[in-house]
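Here the structure is laid out as structure tokens; the discussion comes afterwards.
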Amino acid sequence: MAMRLDHGGHLTHGSPVSVTGQWFEISSYGCDENDMLNYDKIREQALEFKPDVLVCGYTAYPGVIDFEKFGAIAREVGAISLADVSHIAGLIAGGAHPSPYPHMDVVSFTTHKTLRGPRAAIILAKDAEIMDKIDKAVFPGLQGGPHFNTIAAIGVALGEAARDDFKAYSHQTVANAKKLAEELKIRGHHVVSGTTQNHLLLLDVRKSHKMPGKRVAVALEEVGIVLNFNTVPNASDRQKPLFPDGIRMGTPCITTRGMKEADMVKVASLIDRTINNIKTGKIADNETFWKNIDETRNITSAVKELATSFPTFAW
Ligand SMILES: Cc1ncc(COP(=O)(O)O)c(C=O)c1O
């Protein structure tokens with residue numbers, strides 16, 4: 001039992017197009033009408049479905065996860081609790097999100113998102129029997145030989161995550177995301193759930209600007225702002241996985257480059273100007289989606305100027 005894909009769950013949490021949806025019988029839960037998890041409803045569903053594994057941890061959820069509640073529901077229904085904290089691993093390491101460890105049987109995470117390490121993953125379990133089964137499923141079940149270069153890089157990433165400056169980075173990441181959400185809201189954008197409590201936020205651009213998310217993501221990339229189009233909960237009936245109503249953005253990279261809350265005002269303004277420069281309605285294949293190409297050029301220069309004042313490398 002895990003979160004449905006279009007409400008922020010991951011493909012590997014039981015989507016029918018993933019082997020996880022083909023090998024296992026899945027019951028998916030979603031967000032409520034406020035775009036947030038509803039633990040009473042999840043508990044009711046779990047009591048009825050009686051899952052073997054109850055999964056929390058998401059790809060596009062801007063709230064804090066109450067691991068204590070998930071752990072209690074899992075114990076009540078006799079399920080193994082699994083938190084896939086890929087997205088928030090760095091926030092947990094830096095103390096900017098509560099830890100799943102006291103409450104979960106299994107904790108898994110990729111090491112290349114907020115944890116800022118190499119493309120890899122870690123799986124931890126408290127119970128020796130469960131850990132043994134996972135170890136065997138990984139090797140020889142699914143994986144070939146170990147990649148020692150990646151393992152060494154994980155060591156470096158975990159070493160960095162234990163430092164005080166990583167704590168500052170993870171707290172600043174959340175502060176920046178909150179400020180960005182607030183500034184976008186002031187400018188009339190529909191922030192999913194009204195705010196964010198972590199490193200990412202979602203805009204429902206169909207609701208605010210009557211546009212598809214993909215058009216907005218492509219336009220933003222053209223001016224130098226890279227984010228992705230994404231499904232949003234409680235969307236219009238036009239939303240499809242590859243044709244979603246929203247966009248998703250995160251603050252870890254720009255925070256790593258040194259941006260603070262005051263810079264989020266500039267980022268929000270550039271996103272807002274870009275979106276307001278995109279045509280609504282149907283656009284022919286050979287037609288540009290820009291309303292005003294001079295404005296596009298001005299925004300692109302402003303994005304470049306802001307980005308170059310926060311270089312990727314400080315040396
Ligand atoms: C919750 C969650 N789990 C697992 C993954 C898998 O990560 P990747 O596809 O980068 O290996 C992701 C990636 O978005 C994720 O969000």
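Just give me the residues in region 58-90 being of a type in the set (Gly, Ala, Ser) and either part of a helix (DSSP H, G or I) or open to solvent by 50 Å² or more (accessible area, probe 1.4 Å) (or both), in sequence order.
GLY71, ALA72, ALA74, GLY78, ALA89, GLY90
Of the residues contained in region 3-10, none is found to be more than 14 Å from the ligand (Cβ to nearest atom), over 17 Å from ASP204 (Cβ atoms) and either open to solvent by 50 Å² or more (accessible area, probe 1.4 Å) or touching a residue at least 60 places away in the same chain (Cβ under 8 Å) (or both).
Against the condition within 14 Å of the ligand (Cβ to nearest atom) and either touching a His at 6+ places or on another chain (Cβ under 7 Å) or more than 29 Å from ALA181 (Cβ to Cβ) (or both), how does ILE88 come out, does it pass? Here the answer is yes, as ILE88 does meet what is asked. Step by step: first the residues of region 94-104, then only those that are away from the ligand (no atom under 16 Å from the Cβ) and buried (at least 20 other Cβ atoms within 10 Å of the Cβ), then the one that is farthest from ASN198 (Cα to Cα). Which residue is that? Here the residue is HIS103. Taking the criterion of being assigned to a loop (DSSP other than H, G, I, E, B), crowded, with 23+ Cβ neighbours inside 10 Å, of a type in the set (Asp, Glu) and not assigned by TED's automatic domain parsing to the domain that holds TYR58, would at least one residue in region 227-243 satisfy it? The answer is no; no qualifying residue exists.
Of all the residues in region 11-27, those that are crowded, with 17+ Cβ neighbours inside 10 Å and either of a type in the set (Lys, Arg) or more than 14 Å from the ligand (Cβ to nearest atom) (or both) number 2. Scanning region 33-52 for residues that are surrounded by 15 or more Cβ atoms within 10 Å (Cβ to Cβ) and farther than 22 Å from ASP105 by Cβ, we see that the one that is farthest from the ligand (Cβ to nearest atom) is ASN38. Checked against (1) at pLDDT 95 or above; (2) assigned to a loop (DSSP other than H, G, I, E, B), PRO16 passes all but a single condition, namely (1).
Flag: VAL55 matches the condition of being within 17 Å of the chain's Cα centre (by Cα), within 16 Å of the ligand (Cβ to nearest atom), in a strand (DSSP E or B) and not assigned by TED's automatic domain parsing to the domain that holds SER170.
Being among the acidic types (Asp, Glu) and over 17 Å from PHE109 (Cβ atoms) is the filter; apply it to region 125-141 and report the residue that is surrounded by the fewest Cβ atoms within 10 Å (Cβ to Cβ). Let's see the steps before the verdict.
Restricting attention to region 125-141, the residues satisfying the condition of being among the acidic types (Asp, Glu) are 127, 129, 132, 135.
Right, trim to over 17 Å from PHE109 (Cβ atoms) and you get 127, 129, 132.
On the way: ASP127: 11, GLU129: 8, ASP132: 11.
Only one residue fits best here, namely GLU129.
Considering region 142-160, the residues that are small (Gly, Ala, Ser) and modelled with pLDDT of 95 or more include one that is surrounded by the most Cβ atoms within 10 Å (Cβ to Cβ), namely ALA157.
The values are calculated or read from the model by the stated rules, or taken from the named source; none is laboratory data. Bear in mind that the values here come from a model prediction, so they are computed numbers and not experimental data. With ideal geometry, Cβ positions are generated from the backbone for all residues, glycine too; neighbour counts draw on all protein chains shown. Ligands, DNA and RNA are stripped out before the accessible areas are found, and what is left, the full protein with its side chains, is counted by its heavy atoms. Shrake-Rupley method; radii C 1.70, N 1.55, O 1.52, S 1.80 Å.
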